[in-house]
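Single-structure report; data block below.
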Amino acid sequence: MMQDINKLEQMYKAGAISRREFMKRSAAIGMVLAGSGIMAAGSAQAAPKKGGRLRQGIGNGATTDSLDPGTHNQGFTHNLVCSYANSLTEVDGEGNLIPELAESYEGSVDAKTWIFKLRKGIEFHNGKTLTTDDVLASINFHRGKNSKSVVKELLNPIESIRKDGNNTIVFELKSGSADFPFLMSDYHIPILPEKDGRLDWAAGIGTGGYILQNYEPGVRAEFKRNPNYWKPGRAHFDEVENIAILDATARQNAIMNGDVDVINTVDPKIVHLLTRVPNLKILEVAGLLHYTFPMRVNVKPFDNPDLRMAIKLSVNRQEMVKKILSGHGTLGNDHPISASNRHHASNLPQRAYDPEKAKYFLKKSGMEGVNLQLSASDVAFAGAVDAALLLKASAAKIGVNIDVVQEPKDGYWSNVWNKKPWCTARSRGRATTDWMLSLLYIRDQKWNDTAWREGPEVDRFNELVEIARTELDEAKRKALYVEAQTILHNHGGAVIPMFANHIMALSKKIGHDKAISGNAESDGNKSAERWWFV
């Protein structure tokens, strides 16, 4: 059933069927979902009302977390900043880009100049009026020479940024970028107040629907509603409490016992159990989320391309989708662009479990009987340790010995991911192909967790991403992105075996819009702003 839903949503997003046909086909599926206790995006909801305290159990968080937006690297900090701050633009529940703090935005014919006009009269929580100086400080914070921000390279295409009067910001890019306004919705780039010429990020003050009252990194964050919020019909709760619950079983118990009203990142294997709880509903959205096993190619033995290919061919993807996702997802093909993306390389053959071919590449690598360590934690994704064990079992059949190292949940994203040679990881994906590839795969990006930075394939890949960014002819642009995906598929360091649905468990007291964002977990991490108690 869920595979039918995924396929239908992907066809609609890819433009293969019309909205009318989508609604027609989904109607019957919706009846089945209602009977099973699963609610798909598009289900009717009661009208919003104000009040109550929303308690969210979030499957991420670490004691090393900070309010510094340039360091945010997982769901807890993403949801945190989206609760108390806004960006220039946002991605809505249907995946469309809409203005947020910007009233409008417009690009030049060559997409090299972008003009954003700010909304007037918006105030920060401390009463300060939003100005162009705040926007300049918020963006330049990530661009500075000494910046350690994870999005520094993502913003590298900006040649200059200036204000034009009191409410206009002008971006001049080094080359055209048709998707540039999407980057301004990134949760790393909230618009925060400027103070004495610097960004005052440590104050935890924004323009968002909620005012931050208390923040204990890795533990909880508490908010109260902003009485002067500028968005009509948003931020309905009186109070919001986000609680870091890293253990999947503990999250399950918390929602079943009524200790929280919402949990994100539900383990697919327990969905059928939660549907039996009378006061709960499951909200499932197909999106861009994918699970990965990044190999750092600058560390032996992962610098050997034949060994990497042997590992990719030793992964039983069908088994992982069945046993780890319980069918709540689709196969991955060792690149990060999902079938719902209009640039998806649909003609690229699906990589399958092929022990004989894997043995050929292993022998070619000269590493038969090699011993490898794979760091894993379920904080990476629900079932990550089990997925690592499945990979260990299938790889053993070709002569690769994998020692699965179960890492601590706290600090996993700061101490293990993007540091240890091989680990489990996930990416929520991004709204555009350029954003996805630029954030995680181009040569100099801090989040290039495969350290894939040298060689002719890397040179060609980076060239393709840069050219595609400026190409305004959609057919030519897709061809460039297809070639880029093919290079990642064949030469990259990431094993990407599956795309997973976003699965959340909610109290039936929670209402939400018909369209739920698949751009990130928790309705694009806008749950506090967009949801309400019925």
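The values are calculated or read from the model by the stated rules, or taken from the named source; none is laboratory data. Please read all numbers here as calculations on a predicted model, not as lab measurements. When we count neighbours, we look across all protein chains shown, and the Cβ atoms used for this are built from the backbone with ideal geometry, even at glycine.
Things to note:
- Among the residues making up the range 107-127, those that are surrounded by fewer than 16 Cβ atoms within 10 Å (Cβ to Cβ) and farther than 30 Å from L472 by Cα are K120, G121, E123, N126, G127.
- Residue match in the range 502-512 (condition: touching a Phe, Trp or Tyr at 6+ places or on another chain (Cβ under 8 Å), closer than 29 Å to S147 by Cα and either of a type in the set (G, A, S) or in the same structural domain as H335 (by TED's automatic domain parsing) (or both)): no
- Test: S522 is buried (at least 24 other Cβ atoms within 10 Å of the Cβ) and part of a helix (DSSP H, G or I): yes
- The range 244-299: number of residues that are more than 24 Å from the chain's Cα centre (by Cα) and not in a helix (DSSP H, G or I): 11
- Residue that is under 19 Å from G287 (Cβ atoms) and in contact (Cβ under 8 Å) with a residue 24 or more places away in the chain, where the choices are G455, G429: G429
- Among the residues of the range 418-456, those identified as within 12 Å of the chain's Cα centre (by Cα) and among the polar types (S, T, N, Q) are S427, T432.
- For D434, the conditions (1) in a loop (DSSP other than H, G, I, E, B); (2) buried (at least 24 other Cβ atoms within 10 Å of the Cβ) all hold with the exception of (1).
- Verdict on D164 being closer than 20 Å to Y84 by Cα, charged (D, E, K, R) and surrounded by fewer than 17 Cβ atoms within 10 Å (Cβ to Cβ): no
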